[in-house]
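The values are calculated or read from the model by the stated rules, or taken from the named source; none is laboratory data. Treat the numbers as computed from the prediction; the structure is a model and nothing was measured. Here the Cβ positions follow ideal geometry from the backbone for every residue, glycine too, while neighbour counts run over all protein chains shown. Note: areas computed on protein heavy atoms with side chains; ligands, DNA, RNA excluded. Shrake-Rupley method; radii C 1.70, N 1.55, O 1.52, S 1.80 Å.
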Amino acid sequence: KGKRAFIAGVADDNGYGWAIAKSLAAAGAEILVGTWVPALNIFETSLRRGKFDESRVLPDGSLMEITKVYPLDAVFDNLEDVPEDIKTNKRYAGSSNWTVQEVAESVKQDFGSIDILVHSLANGPEVTKPLLETSRKGYLAAISASSYSYVSLLKHFLPIMNPGGSSISLTYIASERIIPGYGGGMSSAKAALESDTKVLAFEAGRKHKVRVNTISAGPLRSRAAKAIGFIDMMIDYSLANAPLQKELSAEEVGNTAAFLASPLASAITGALIYVDNGLNAMGVGV
Ligand code: NAI
């Protein structure tokens, strides 16, 4: 029987979430996605109008089907968390049941269970500011959207994850090495995400037989990365310095996620896997 995946953080066809969805679909999984509420309308319209059809083509020539798109805002765990200005915000008022707890409940009602959970989202409102210029509010917002969002997703989805299931997040090497420009507490948020991967692997493994891993991905020209402002420089740097001198494709990250979600990776949990053309292994630029 095919597996079912919920991928949080898909709002166009450029990012890692989309590529992971494709690799999982190519491997036979049923695809559900969680899309950030403010981006929902344009994503669904584009999907419906066929704007992504070229990007939906799978290796066998068929088109990836997304069984259902759920509105999601992963900085809110339940309705009590949602402040009045968001509740009445035009972009939010048109959707409902988009807090993490409600999305997990909706997926349970619609499908009963899932096998694969993917967290492919991050947000740091002050990402362009150096850490020394980052406000407490901006730092905590980065942690809330990029790190705790994963703890919350896993917490709420674990009860509907089948034993043998697999959970995957995306991280970046700025957590462990200095990458000037990746500011606003985003480097801190990725460090938290990586540390949590280990603790969550223990807790989810013991309690639910679910594996928890994270992929440390190289640079990709996604919407989120373009907002940071230095993505072209990072891609050029990798091309010049990594052991493998080729541009990283999102598909390579997607395929790693499909491997990690499969029984081929049945003994891998609590791991950080680099998918970066080997750049992490370099000690100096060349
Ligand atoms: P992306 O823009 O495709 O994905 C980020 C998604 O997060 C967007 O769809 C956005 O709508 C969503 N999002 C933001 N705040 C949200 C919230 N509160 N609730 C729900 N969704 C929310 O960009 P990308 O780069 O593919 O990002 C995916 C993951 O990959 C992120 O964790 C990112 O940090 C990570 N990553 C990206 C790298 C890159 O160079 N693009 C390198 C290494 C890691």
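So here's what we get for this one:
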{"quantity": "About the Cα centre, charge dipole magnitude for the range 222-276 (Lys/Arg +1, Asp/Glu -1 at Cβ), debye", "calculated": "140"}
{"quantity": "Fraction of alpha-carbon pairs over 23 Å apart in the range 118-277 - percent", "calculated": "38"}
{"quantity": "Beta bridges by DSSP in the range 1-147, antiparallel share as percent, to the nearest 5", "calculated": "5"}
{"quantity": "The range 78-118: mean projected area of Cα convex hull, nm²", "calculated": "3.6"}
{"quantity": "Alpha-carbon Rg/Rh ratio, for the range 28-154, with Rh computed the Kirkwood way", "calculated": "1.01"}
{"quantity": "DSSP-assigned coil residues among trypsin sites (Lys or Arg not before Pro) in the range 1-110, each with at most 11 further Cβ atoms within 10 Å", "calculated": "Lys1, Arg49"}
{"quantity": "The chain: translational diffusion in µm²/s, Stokes-Einstein, Kirkwood Rh over Cα pairs, 25 °C, 0.890 mPa s", "calculated": "128"}
{"quantity": "Portion, in percent, of the accessible area of the chain that falls on carbon or sulfur, probe 1.4 Å", "calculated": "54"}
{"quantity": "Size-normalised alpha-carbon gyration radius of the range 1-103, reference 2.2 N^0.38 Å", "calculated": "1.14"}
{"quantity": "Mean projection area, nm², convex hull over Cα of the range 167-250", "calculated": "6.3"}
{"quantity": "Descending principal axes extents, the range 99-159, alpha-carbon based, whole Å", "calculated": "46, 18, 14"}
{"quantity": "Karplus 3J(HN,Hα) series, Hz, for the range 97-103 with 6.51 cos²θ - 1.76 cosθ + 1.60 (x for Gly, Pro)", "calculated": "6, 9, 6, 4, 4, 5, 5"}
{"quantity": "The range 3-69: GluC sites (Glu not before Pro) in DSSP coil with no more than 16 other Cβ atoms inside 10 Å", "calculated": "Glu65"}
{"quantity": "Top of Ala250, Ala74, Ala27 by mean-square fluctuation, Gaussian network on the chain, Cα under 10 Å", "calculated": "Ala27"}
{"quantity": "The chain - mean residue ellipticity at 222 nm from DSSP helices (-39,500 (n - 2.57) per run, n ≥ 4, rounded to 500)", "calculated": "-11500 deg cm²/dmol"}
{"quantity": "Tail beyond 20 Å, pair distance distribution of the range 203-283 (Cα, percent)", "calculated": "43"}
{"quantity": "Where the range 223-267 is the region considered: accessible area per residue in Å², 1.4 Å probe", "calculated": "57"}
{"quantity": "Lysine-lysine proximity count for the range 1-127, Cα under 27 Å, sequence distance 8 or more or distinct chains", "calculated": "16"}
{"quantity": "Bins of 5 Å, starting at 0 and running to the largest distance - Cα pair percent for the range 145-206", "calculated": "4, 17, 28, 21, 14, 9, 6, 2, 0"}
